[in-house]
Amino acid sequence: MERIEIERRLIETLYEVQELSGCARVEIDLKTCPIDDLDGFDSLRGVETTVLLSMKLKHEFKAGKGEVNLFVSEDGRRVLKIEETVNRLIELCV
């Protein structure tokens, strides 16, 4: 899958999750950091969104201990912007 398609599906999924959560729609671009910039988007919603995106991309994202949260760095210490999340998705899909 090409990068632009991954970006589109990621952003589309974030809009869907925001709508389902009853949160106001905020414009999302590559510089958006979902955990910092989207209303109500916390680490739990990040895992939920990761699972939904996994179904859409038909790819399972797992780590040694279980589900992956694509919206934080691998070490869990830093929240990621959309651009960084896309990079991580590309790595995980290879």
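Here the accessible area of the chain is 50 percent carbon and sulfur, with a 1.4 angstrom probe and all protein chains present.
Length gain on complete extension for the stretch Glu12 to Leu30, per 0.36 nm per residue less the alpha carbon to alpha carbon distance?
Using 0.36 nm per residue and subtracting the Cα-Cα distance, I get 5.2 nm.
If you take all other residues with their beta carbon under 14 Å from the beta carbon of Glu12, and give Lys and Arg +1 and Asp and Glu -1, the sum is -2.
In this structure, the amide hydrogen of Val72, modeled 1.01 Å from its nitrogen in the peptide plane, lies closer than 5 angstrom to those of Leu80, counting only residues at least 5 positions away or on a different chain.
On the principal axes of its alpha-carbon atoms, region 28-90 has extents of 27, 23, 21 Å, going from largest to smallest. If R0 equals 30 Å, the separation of the Cβ atoms of Asp42 and Glu91 corresponds to a calculated FRET efficiency of about 0.80.
The values are calculated or read from the model by the stated rules, or taken from the named source; none is laboratory data. Quick caveat, the model's predicted, so the values are computed rather than measured. Here Cβ is always computed from backbone atoms with ideal geometry, including for glycine, and neighbour counts include all displayed protein chains. To get the accessible areas, we keep the full protein, side chains included, count just its heavy atoms, and leave off ligands, DNA and RNA. Shrake-Rupley method; radii C 1.70, N 1.55, O 1.52, S 1.80 Å.
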